């Protein structure tokens, strides 16, 4: 499973740290990430609020799960954009890691 975590703070670091412990996870990306996160995931230089480029990255890299942690991209509609343009043919369900 390929996972994209959106954000770059301590909360996202904790999320990435926990996700990295799952044997079901093949690759973790974090956008934008930070130095600590870079030890566990591949950081991608996309601002957490850049919905267009985040959606493009998720599509281009066949991301299976996106975790949006910060409030700003949530308020700007990132989850709706991902639902409509990336995960069009899948049901959104809780996935145990």
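Exactly one residue out of 60, 64, 45, 50 is in contact with a helix residue (DSSP H, G or I) (Cβ under 9 Å, 6 or more places away or on another chain) and modelled with pLDDT of 90 or more: that is 50. Going by the conditions given, is residue 71 at pLDDT 95 or above, more than 11 Å from the chain's Cα centre (by Cα) and within 22 Å of residue 87 (Cα to Cα)? No: the conditions fail for residue 71.
Taking (1) under 21 Å from residue 82 (Cα atoms); (2) surrounded by 15 or more Cβ atoms within 10 Å (Cβ to Cβ) in turn, residue 27 satisfies each apart from (2). For the stretch 10-32, a residue qualifies if it is within 13 Å of the chain's Cα centre (by Cα) and more than 13 Å from residue 67 (Cβ to Cβ), and the qualifying residues are 27, 32. Restricted to the stretch 1-86, the set of strands (runs of 3 or more DSSP E) holding at least 3 residues that are touching a residue at least 60 places away in the same chain (Cβ under 8 Å) comprises 2-7, 65-68.
The values are calculated or read from the model by the stated rules, or taken from the named source; none is laboratory data. All values reported here derive from a predicted model rather than from experimental measurement. No Cβ is skipped: glycine too gets one built from the backbone with ideal geometry, and neighbour counts run over all protein chains shown.
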